[in-house]
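Taking it in order: structure first as structure tokens, then the write-up.
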There are 2 protein chains.
Amino acid sequence: MSDAKIRRPKAETPKGFRDYFGAEVTTRKAMLDKIAEVYHRYGFDPLETSAVETVEALGKFLPDVDRPNEGVFAWQDEDKDWLALRYDLTAPLARVAAQYRNDLPSPYRRYAMGPVWRNEKPGPGRFRQFYQCDADTVGSGSVAADAEICAMLADALETVGIPRGDYVVKVNNRKVLNGVMEVAGLAGDDKDAERGIVLRAIDKIDRLGEDGVRALLGEGRKDESGDFTKGAGLSEAQADVVMGFAMAIDRILDRTQTYLEDADEAEQNRQYYEDAKRLLLIERGAGRADGEKHTLGSVRLLNTRTLNYLSDIVGTSKIGIQGVEELKEIADLLGAGGYGPDQIRIDPSVVRGLGYYTGPVFEAELTFEILDEKGRKRSFGSVAGGGRYDGLVKRFTGQDVPATGVSIGVDRLLAALRAKGRSTGDTAGPVVVTVMDRDRMADYMSMVADLRNAGIRAEVYLGNPKNFGNQLKYADKRQSPVAVIQGGNEAEKGTVILKDLILGAQIAKDATLEEWKDRPAQVEVPRADLVAAVRKMLAQ
Amino acid sequence: MSDAKIRRPKAETPKGFRDYFGAEVTTRKAMLDKIAEVYHRYGFDPLETSAVETVEALGKFLPDVDRPNEGVFAWQDEDKDWLALRYDLTAPLARVAAQYRNDLPSPYRRYAMGPVWRNEKPGPGRFRQFYQCDADTVGSGSVAADAEICAMLADALETVGIPRGDYVVKVNNRKVLNGVMEVAGLAGDDKDAERGIVLRAIDKIDRLGEDGVRALLGEGRKDESGDFTKGAGLSEAQADVVMGFAMAIDRILDRTQTYLEDADEAEQNRQYYEDAKRLLLIERGAGRADGEKHTLGSVRLLNTRTLNYLSDIVGTSKIGIQGVEELKEIADLLGAGGYGPDQIRIDPSVVRGLGYYTGPVFEAELTFEILDEKGRKRSFGSVAGGGRYDGLVKRFTGQDVPATGVSIGVDRLLAALRAKGRSTGDTAGPVVVTVMDRDRMADYMSMVADLRNAGIRAEVYLGNPKNFGNQLKYADKRQSPVAVIQGGNEAEKGTVILKDLILGAQIAKDATLEEWKDRPAQVEVPRADLVAAVRKMLAQ
């Protein structure tokens, strides 16, 4: 055939993109629907912006560059304007808040769910299109807005199926960090680069450890591959101040350990001692792995000690003191809303890499353990993060517009629900009506119509009906629970045969028919009873 | 300020794009969720492909053109591959069907809902990003698959709120048209251009009328602006054949009229006569405008007459005869499924502009009348269309893969539901807890927490609380049903005040307090009764 000479297009997604089938779609949708319900209850309104924005509005890239596609997918319009696919849901929100500032309620609470695009090197499990699920409050400078976001995040996690005790929302405040920078003599505009290095170094403490971070604060650090990362050039004394912040929780736990060791008998009879013991058991001992849970007392103790510790290290820095006060206010507001510190707690280790945060920052971590690809136990980790960013809308309007919000990593949270066996997509296959006699297609169509009208998911086999084995293979691939069969004999008698495919699969698997003998894998019923009989089989 | 010197980015969507707020999002979602439920019941599985495809896979454009962005948004990858945003949901399906042909069940029933992008001149109500909602069956050549799509479309329309009688799914078959082309001597490969002109001419009959179409079939047509469109160059005899098809319904109604005029008294006593009378009343008389509905008899009559008429005009053309037989089979299958011809009917006027259809084509029309922008009555028109396309997957694999499907115009259908007052988005605003005393924010947060925990949508006011009037203005903008107020006095007494804002608005509108006097616009209740009292007020 001449066809063979034609170069055919490749049937492939572009590199880094993928397709989602069946339950992958419904599971995600079910989760997002539940989250949307929580957001709605909190008074947040949905917003759906277009996928395409001007590069200028997105704000990370300059239109005078020849091809500004670092990180984004961008192209030039016929009017020579640069357009791009959005890389997150925050930049479009800032644009909307500026564009509609006279029409939107203020404060404006909005949520958004949808895909975003990143023109980055794809990797295993890292795609160039993925979902985000954000909620933000624009126009409120009150920490009550931050507290509300944290509470809503906790509610959302519990609603989708992460029980209390399996997650913790950690709250910190950039202002505290700024206070620490001031104390360390890193406050001026000319110290911007150093502060950036410090921020990124602290963010890596889980991976690099105390020594690694200290090296980055000083001259720099050579990694195992021999690559050298330039440090912030801090003096020993400056680095001590920063490390006091970066290692805050460790230091607090050290002090708690000392307290426990020094406690006399009278002290040991106090509830405070019990709380401290539990605190250490879980944060440093085998407590978490053994499934021990914090008590309100143990985490309240941690919160109090943390706030006191932070007060100490920010010293007389105004911004630092304000930061600690805001954290205390957030803790109080959440307490009044009924949120225990086992759900939401102050944790100075959270700094969040993004430069634009200006106040409270938060991160939701799942604390239950999973096995990593090497079979080692590790806690699941972060699924959401956010914070206060008071500068994004100002880019457009020149006026201060405070804002705060959170973004849930949809794929991470879905993976967590799968790990917990709490995925909720409807994966039930349809009842398959087989075709024994091509000329009686109308009869088979009327059977599926009856089933569908009764709310039962059903299909007639639409492939070539010649080979009946193929029809059953098809039903198997569709994970069909029941096959309906009507050959000429049955048609004459006015009956149909129902094959219980789930039972059939179980019998095939267990190979002991014995235990199933009371339950027939196949029944013949009058055509008029089709719907009732299928319903009965589905209910078994 | 130096700020003024900085050129700020414009806070604007790119030309032709828009944002969707609140109820615009939830209304669409509610409609699509209902449609998805119907598709699911029919055994269709969701598929979500990425927004980005290779230009090669999309298939309309060649990668050797310098900038292939006619109609699509396209850009060149860092590997020099051309990528583009999908312009519909069918091209990605064809790619998926080819890419996963060994893994997918066959036939493969899938539905897809999501945005598509067109790089076209935007106009009023015409955007460059819009939603499509498709369902297709790939791998079945049986007309039962086409009939199923039609039935599902009818179910979907009724489920979202278009009642029986307000819509009709019209079915035609490209094979009939091909038969007509054969009869008219337009069958050969060398007549491709002529056939294209004929197809597009027939598709415009509603707008151009009989004379306009006839001109396009002949030498060509000059429109009012003086622009000349070249015609297909058909002879008078050829054009007669084509017009016999294009005007089929008119000719059939003419014959019915003649029959009625000629009928003697005996004939007039037949049900057939009654059916024919009703048929003409509705199709040509004032019947539809007066809300008269077809009976099964009247549309069955139309179907029979149409099939007979089509049989006549395709003569001995094999493809034409096959087309008419397929239409008859579809009508029979739908009848067996319980679908009356008042829901789905044969209508030769449907040809569908797209070149790739190869068999049955369908279009769903809403028949109720609306007022156009000039205040004239007109019937709402098309909201969905589709058909059989057996060539799209072959592009990739070289093998024949039959497919059929439908696409619902999401915005059109939403507009129809709005016109019918059946829009179902949840637009209820939240209860607003006002802030009388900034220092007692924790108390107000605990009130919203109680309300939210009881499932009531609620917010605390997060703006600057100084001006209480602003808080009530905010509640008004949020369409809040109830405002909760607790000043110092109430706090001391342990009470809260509830303001019924809906009642307040009604009183303000009617200006007669008299009729509302039994219902208090404001109540004071114990703080402990907050949830119960709000619930009561919401239920009124």
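Against the condition on the phi < 0 side of the Ramachandran plot, surrounded by fewer than 18 Cβ atoms within 10 Å (Cβ to Cβ), facing chain A (nearest Cβ under 9 Å) and at pLDDT 95 or above, how does B:D3 come out, does it pass?
Judged against the criteria, B:D3 is not a match.
Using the structure shown, decide if A:A454 is more than 8 Å from chain B (Cβ to nearest Cβ) and closer than 30 Å to A:T27 by Cα.
Values: more than 8 Å from chain B (Cβ to nearest Cβ): yes; closer than 30 Å to A:T27 by Cα: yes.
Here the answer is yes, as A:A454 does meet what is asked.
Looking only at residues in the stretch A:125-148 that are over 30 Å from A:R18 (Cβ atoms) and not aliphatic (A, V, I, L, M), which one is farthest from the other protein chains (Cβ to nearest Cβ)?
Result: A:D146.
Which of the residues spanning the stretch A:127-177 are among the polar types (S, T, N, Q) and without any contact (Cβ under 8 Å) to a residue 12 or more places away in the chain?
Across the stretch A:127-177, the qualifying residue is only A:S142.
Touching a helix residue (DSSP H, G or I) at 6+ places or on another chain (Cβ under 8 Å), modelled with pLDDT of 90 or more, surrounded by fewer than 20 Cβ atoms within 10 Å (Cβ to Cβ) and within 9 Å of another protein chain (Cβ to nearest Cβ): does that describe A:D437?
Considered against the rule, which asks whether it is touching a helix residue (DSSP H, G or I) at 6+ places or on another chain (Cβ under 8 Å), modelled with pLDDT of 90 or more, surrounded by fewer than 20 Cβ atoms within 10 Å (Cβ to Cβ) and within 9 Å of another protein chain (Cβ to nearest Cβ), A:D437 comes out as no.
Take the stretch A:236-249 and flag every residue that is in a helix (DSSP H, G or I) and either aliphatic (A, V, I, L, M) or open to solvent by 20 Å² or more (accessible area, probe 1.4 Å) (or both). Full working, then the answer.
Of the stretch A:236-249, the ones in a helix (DSSP H, G or I) are A:236-246, A:248-249.
Hits for the stretch A:236-249 are A:E236, A:A237, A:Q238, A:A239, A:D240, A:V241, A:V242, A:M243, A:A246, A:A248, A:I249.
Could you list, in sequence order, all residues of the stretch B:375-402 that are buried (at least 24 other Cβ atoms within 10 Å of the Cβ) and within 11 Å of another protein chain (Cβ to nearest Cβ)?
Hit for the stretch B:375-402 is B:V393, nothing else.
Before we move on, is B:K466 of a type in the set (K, R), open to solvent by less than 70 Å² (accessible area, probe 1.4 Å) and closer than 30 Å to A:A403 by Cβ?
Answer is no for this residue.
Quick one: is B:Y339 among the aromatic types (F, W, Y) and either assigned to a loop (DSSP other than H, G, I, E, B) or under 26 Å from B:I162 (Cα atoms) (or both)?
Values: among the aromatic types (F, W, Y): yes; either assigned to a loop (DSSP other than H, G, I, E, B) or under 26 Å from B:I162 (Cα atoms) (or both): yes.
So B:Y339 fits the description; yes.
Collect the residues in the stretch B:25-55 that are open to solvent by 10 Å² or more (accessible area, probe 1.4 Å), at the interface with chain A (Cβ under 7 Å from one of its Cβ atoms) and of a type in the set (D, E), keeping them in residue-number order.
Within the stretch B:25-55, B:D45, B:E48 meet the criteria.
Does A:D443 meet the test of being within 14 Å of chain B (Cβ to nearest Cβ), within 40 Å of the chain's Cα centre (by Cα), open to solvent by 60 Å² or more (accessible area, probe 1.4 Å) and over 29 Å from A:T27 (Cα atoms)?
No.
Here is a check on your reading of the model: is B:V143 open to solvent by less than 30 Å² (accessible area, probe 1.4 Å), at pLDDT 90 or above, touching a Cys at 6+ places or on another chain (Cβ under 9 Å) and within 19 Å of B:A403 (Cα to Cα)?
On the way: open to solvent by less than 30 Å² (accessible area, probe 1.4 Å): yes; at pLDDT 90 or above: yes; touching a Cys at 6+ places or on another chain (Cβ under 9 Å): no; within 19 Å of B:A403 (Cα to Cα): yes.
Against the criterion (open to solvent by less than 30 Å² (accessible area, probe 1.4 Å), at pLDDT 90 or above, touching a Cys at 6+ places or on another chain (Cβ under 9 Å) and within 19 Å of B:A403 (Cα to Cα)), B:V143 does not qualify.
For every residue, the table says whether it meets (1) closer than 21 Å to A:V406 by Cα; (2) more than 10 Å from chain B (Cβ to nearest Cβ).
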| site | (1), (2) |
| --- | --- |
| A:L104 | yes, no |
| A:Y111 | yes, no |
| A:N119 | no, no |
| A:G123 | no, yes |
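Being part of a strand (DSSP E or B), surrounded by fewer than 23 Cβ atoms within 10 Å (Cβ to Cβ) and at pLDDT 90 or above is true for just one of A:E326, A:E365, A:E369. Which residue is that?
Numbers: A:E326 fails: part of a strand (DSSP E or B); A:E369 fails: at pLDDT 90 or above.
Of the residues listed, the single one that is part of a strand (DSSP E or B), surrounded by fewer than 23 Cβ atoms within 10 Å (Cβ to Cβ) and at pLDDT 90 or above is A:E365.
Search the stretch A:302-343 for residues being within 14 Å of chain B (Cβ to nearest Cβ) and among the aliphatic types (A, V, I, L, M), and hand back the single one that is farthest from the chain's Cα centre (by Cα).
A:A336
So which of B:V406, B:V431 ends up being open to solvent by less than 20 Å² (accessible area, probe 1.4 Å) and at the interface with chain A (Cβ under 10 Å from one of its Cβ atoms)?
On the way: B:V406 fails: at the interface with chain A (Cβ under 10 Å from one of its Cβ atoms).
Result: B:V431 is the single residue among B:V406, B:V431 that is open to solvent by less than 20 Å² (accessible area, probe 1.4 Å) and at the interface with chain A (Cβ under 10 Å from one of its Cβ atoms).
From A:G209, A:G233, grab the single residue that is in the same structural domain as A:S298 (by TED's automatic domain parsing), assigned to a helix (DSSP H, G or I) and at positive phi.
Of A:G209, A:G233, the one residue that is in the same structural domain as A:S298 (by TED's automatic domain parsing), assigned to a helix (DSSP H, G or I) and at positive phi is A:G209.
Against the definition (modelled with pLDDT under 95 and either in the same structural domain as A:V435 (by TED's automatic domain parsing) or open to solvent by 20 Å² or more (accessible area, probe 1.4 Å) (or both)), how does A:K509 come out, yes or no?
In short, yes.
Just the residues that are of a type in the set (G, A, S) and more than 16 Å from A:W117 (Cβ to Cβ), please, taken from the stretch A:75-103.
Within the stretch A:75-103, A:A94, A:A97, A:A98 qualify.
Criterion first (part of a loop (DSSP other than H, G, I, E, B), open to solvent by less than 20 Å² (accessible area, probe 1.4 Å) and more than 24 Å from B:A145 (Cβ to Cβ)) does B:G291 satisfy it?
The answer is no for B:G291.
Only residues in the stretch A:9-24 that are more than 7 Å from chain B (Cβ to nearest Cβ) count as the first member; pair them with residues that are among the β-branched types (V, I, T), Cβ under 6 angstrom, at least 6 apart or cross-chain, and list the lot.
From the stretch A:9-24, the pairs are A:A23/A:T427.
For A:Y309, all conditions in the list (1) assigned to a helix (DSSP H, G or I); (2) open to solvent by 50 Å² or more (accessible area, probe 1.4 Å) hold save one; what is the number of the exception?
Just one mismatch for A:Y309, condition (2).
Yes/no per residue for (1) farther than 23 Å from B:L186 by Cβ; (2) touching a residue at least 24 places away in the same chain (Cβ under 8 Å):
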| site | (1), (2) |
| --- | --- |
| B:T306 | no, yes |
| B:D312 | no, no |
| B:G320 | no, yes |
| B:E326 | no, yes |
| B:I330 | yes, yes |
| B:A336 | yes, no |
| B:G359 | no, yes |
| B:A364 | yes, yes |
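Filtering the stretch B:59-81 down to residues that are in contact with a Leu (Cβ under 9 Å, 6 or more places away or on another chain) and either more than 7 Å from every other protein chain (Cβ to nearest Cβ) or more than 22 Å from A:Y131 (Cβ to Cβ) (or both), which residue is modelled with the lowest pLDDT?
Looking at residues that are in contact with a Leu (Cβ under 9 Å, 6 or more places away or on another chain) and either more than 7 Å from every other protein chain (Cβ to nearest Cβ) or more than 22 Å from A:Y131 (Cβ to Cβ) (or both), I get B:P68.
If a residue must be within 26 Å of A:M243 (Cβ to Cβ) and either open to solvent by 90 Å² or more (accessible area, probe 1.4 Å) or part of a loop (DSSP other than H, G, I, E, B) (or both), how many such residues does the stretch A:259-286 contain?
Number satisfying all stated conditions: 4.
Does any residue of the stretch A:484-506 turn out to be of a type outside the set (G, A, S), under 36 Å from the mean Cα position of the chain (by Cα) and either buried (at least 21 other Cβ atoms within 10 Å of the Cβ) or within 30 Å of A:V383 (Cα to Cα) (or both)?
Checked against the condition, which is being of a type outside the set (G, A, S), under 36 Å from the mean Cα position of the chain (by Cα) and either buried (at least 21 other Cβ atoms within 10 Å of the Cβ) or within 30 Å of A:V383 (Cα to Cα) (or both), the stretch A:484-506 yields no hits at all.
Given the criteria touching a Pro at 6+ places or on another chain (Cβ under 8 Å), open to solvent by less than 20 Å² (accessible area, probe 1.4 Å) and not basic (K, R), does A:I344 qualify?
no
The values are calculated or read from the model by the stated rules, or taken from the named source; none is laboratory data. For clarity, every value in this text was computed on a predicted model and none was experimentally measured. No Cβ is skipped: glycine too gets one built from the backbone with ideal geometry, and neighbour counts run over all protein chains shown. Just so you know, the surface numbers come from the protein's heavy atoms only, side chains and all, with ligands and any DNA or RNA stripped out. Shrake-Rupley method; radii C 1.70, N 1.55, O 1.52, S 1.80 Å.
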